[in-house]
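See below for the structure under consideration.
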Amino acid sequence: MIPGTLYIVSAPSGAGKSSLIQALLKTQPLYDTQVSISHTTRVKRPDEIDGEHYFFVSEEKFLQMIKNDSFLEYAKVFENYYGTSHETVQQVLLTGVDVFLDIDWQGAQQIRARMPQVRSIFMLPPSKEELDRRLRGRGQDSEEVIDRRMQQAISEMNHYAEYDYLIVNDDFNLALSDLKTIIRAERLHLSRQQRRHEALISKLLAD
């Protein structure tokens, strides 16, 4: 079994990374591509489901998991903790399934240190004006929170050059096509193709 590829996808809030990942998953079978479900201490929103969007846990439990070295990465963002279970990700990868992690640049740095083979994608909004419009369009946050998110977005975007791929989410369908193209290219990488077609290559090169 050829292990799946671990993908990091990062973007400032409002850039559309979560929507793109969900759109991608709708076009891919579960045995092919999955998104990793993170643990968080953030309060669950009305439309969120525990175990589907996040594993919502207490801060006490999260800190205990840190002590147990249970996380592949974790970070504190907007006063809340977020983390990815190392064991869960590894189990899925070993089945040949590609795993996507929707995390920020801090988590990406931690994962690169532990798993250098990870592939990473950063998504940018087409403009600050559009990013501001998207944040306001949610209708969930106060003016103060929106201002904080805009400042955080600028800080996050400064880390785009740390990633392997860059997508500008101006046209949603085009951005989704770009995301699919990255996955397809990675699956055609020489090292993966050599393992997948080892028998065929041996026959073709035999005297």
- prompt: What is the projected area of the convex hull of the Cα atoms of segment 153-194, averaged over all directions, in nm²?
  reply: 3.7 nm²
field: nm² value of the averaged projected area, convex hull over the Cα atoms of segment 42-138
entry: 8.0 nm²
- request: Quick one: grab Rg to one decimal and Dmax as a whole number for segment 44-89, Cα atoms only, in Å.
  value: 10.9, 31
task: For helix 105-114, report the angle its Cα long axis makes with the longest principal axis of the Cα atoms of the chain; keep it between 0 and 90° and round to the nearest 10°.
output: 30 degrees
- request: Take segment 1-96, drop everything but the C-alpha atoms, weight them equally and run the Debye formula without solvent; then report log10 I(q)/I(0) at 0.16, 0.18 Å⁻¹ to two decimals.
  value: -0.78, -0.98
- prompt: Can you list the lysines whose alpha carbon sits under 27 Å from that of Lys128, skipping same-chain ones fewer than 8 residues off?
  reply: Lys17, Lys76, Lys180
- prompt: Given H placed 1.01 Å from N in the peptide plane, which residues other than close sequence neighbours of Tyr81 have an amide H under 5 Å from its amide H?
  reply: Thr41, Arg42
- prompt: Given springs between every Cα pair under 10 Å in a Gaussian network model of the chain, which of Ser18, Ser127, Ser191 has the largest fluctuation?
  reply: Ser191
message: Output needed: percent of Cα pairs per 10 Å distance bin for the chain, bins running from 0 to the one holding the longest distance.
response: 8, 31, 36, 17, 5, 2, 0, 0
statement: Expressed in µm² per second, the diffusion coefficient of segment 91-207 from the Stokes-Einstein equation, with Rh the Kirkwood radius over alpha carbon pairs, at 20 °C and 1.002 mPa s, is 124 µm²/s
- request: Per residue, how big is the convex hull around the C-alpha atoms of segment 92-143? Give it to me in cubic angstrom, could you?
  value: 139 Å³
task: Count the DSSP beta bridges whose two residues both fall in the chain, then state the antiparallel fraction as a percent rounded to the nearest 5.
output: 30 percent
- prompt: Quick one: helix 143-157 against the long Cα principal axis of the chain, what's the angle to the nearest 10°, folded into 0 to 90?
  reply: 30 degrees
- request: Could you work out the Kirkwood radius for segment 126-170, taking every pair of different alpha carbons, averaging 1/r and inverting it, reported in Å?
  value: 11.6 Å
- line: Along segment 55-62, Karplus-curve 3J(HN,Hα) (6.51, -1.76, 1.60; θ = phi - 60°) to the nearest Hz, with x for Gly and Pro, reads 9, 7, 10, 6, 5, 4, 5, 4
field: Virtual paramagnetic centre 7 Å along Cα→Cβ of His189, amide N under 19 Å, in segment 20-61
entry: 32-36
message: Suppose every Lys and Arg Cβ carries +1 and every Asp and Glu Cβ carries -1, with no other charges. What dipole size does the chain come out with about its Cα centre, to the nearest 20 debye?
response: 500 debye
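Each value in this text was obtained by applying a stated rule to the coordinates, not by laboratory testing. This is a predicted model, so every value here is computed, not measured. Methodologically, a virtual Cβ is constructed for each residue, glycine included, from the backbone with ideal geometry; neighbour enumeration extends over all protein chains shown.
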